[in-house]
Amino acid sequence: MGRLDGKVVVVTGASRGIGADVARLFASEGGRVICAARTLEEGQHPFAGSLATTVAAIREAGGEAHAIAANIAEPAECERLIQQTRERCGPVDVLINNAALTYYVPVKDYPVGKWLRSWAVNFQAPFILSRLVLADMIPRGSGAIVNISSGSAIGPGRGPYPDPAVGARGGTCYGSEKAALERFTQGLASEVYQYGISVTSVAPSQVVPTPGTVHHRLVSGLDDPRGEPPILMARAALLLASEPLDRVTGRVTYSQQILREFGWLADARGRGVDTRGSGYSEI
């Protein structure tokens, strides 16, 4: 018996990286997984990975998965994604808000269009998708929403700032989006607790090597030994999506922290373990 037998799961950003690992693991646990992203086929994006590749791997392993190409920066595309999910599999039981669109540009140089697109994917889409799936979850009195956050939600603190390189890295936009997502997580969790719906957030304890983090030079490569294997984030998301409501809802946590706490991981390190997390993780 899998932890998600028969449950309908939507995973955004499932073409590569953390999202692809989440989709594969959730399918192996019996989930009926809808994989959503912009990249349907290999070659349509500069980075390797596609929905077709993720879905093929799941089906080859005996799981159920369906690909829906969608640009969730557009509200109408979010609505189409959830409607097609209902038509193919039924009402949504689990939503994993994983997709991200990131630029590392200082605010003084940030193009307004890119700023708005980033917020549309990283913050507005989780709101819209959550609102849509709540229409399925509330009448049934159950469901789980897991938001994928980042250590960048932890700000630089107050000045003075003697190292000019810190300010030049350009992570203000992305960090602000993830901090907002953590506040959204706990706010929504408190709103829907009465309906039996869990809302949580999890960030990597260490940087996860993915095509995106390699591109932005957060790690040296996919085999960077300083990185955290993406399967740990997938397992943490599974834990949060499948544990009873009162054990997890409202948690803003880190992958290795929550896995060790629940006995799913013996040795842990990184944020939430060796160092403190964001303020919301301590509430």
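The values are calculated or read from the model by the stated rules, or taken from the named source; none is laboratory data. Just so you know, these numbers come straight off a predicted model, no measurement behind them. Because the Cβ atoms are built from the backbone with ideal geometry, glycine has one as well, and the counts that use them run over all protein chains shown. Side chains included, ligands, DNA and RNA excluded: accessible areas come from the protein's heavy atoms. Shrake-Rupley method; radii C 1.70, N 1.55, O 1.52, S 1.80 Å.
Quick notes on this structure:
- Among 135-145, 199-209, the order from most to least packed when residues are scored by Cβ within 10 Å on average: 199-209, 135-145
- Segment 1-130: C-alpha gyration tensor shape, a/c 1.5 cut-off, then a/b vs b/c: prolate
- From helices alone, the chain scores -12000 deg cm²/dmol at 222 nm; the rule is -39500 (n - 2.57) for each run of n ≥ 4 DSSP H residues, then divide by the residue total.
- Relative contact order for the chain: 17 percent, from Cα pairs under 8 Å spaced at least 6 residues apart, divided by residue count.
- 0 to 90° range, to nearest 10: angle between helix 172-192 axis and the chain longest Cα axis: 40 degrees
- Net charge of Cβ neighbours under 14 Å - reference residue 169; Lys, Arg +1; Asp, Glu -1: 0
- Distance (nanometres) between label positions extended 7 Å along Cα→Cβ at residue 112 and residue 246: 5.1 nm
- By the Cα gyration tensor, the chain has an equivalent ellipsoid whose semi-axes, rounded to whole angstrom, run 27, 21, 19 from largest to smallest.
- Taking amide H as placed 1.01 Å from N in the peptide plane, the amide H of residue 65 sits under 5 Å from that of 33, each at least 5 places away or on another chain.
- In a fully extended conformation the segment linking residue 61 and residue 131 would gain 22.0 nm over its present Cα-Cα distance, using 0.36 nm per residue.
- Length gained when the stretch residue 3-residue 76 is fully extended (0.36 nm per residue, less Cα-Cα span): 23.1 nm
- Shown for segment 28-111: the carbon plus sulfur share of the solvent-accessible area, taken with all protein chains present and a 1.4 angstrom probe, equals 51%.
- For the peptides 156-164, 126-134, the ranking by mean Cβ contacts within 10 Å, running from highest to lowest, is 126-134, 156-164.
- Summary: within the chain, the longest segment free of GluC sites (Glu not before Pro) located in DSSP loops with at most 15 other C-beta atoms within 10 Å is 43-283.
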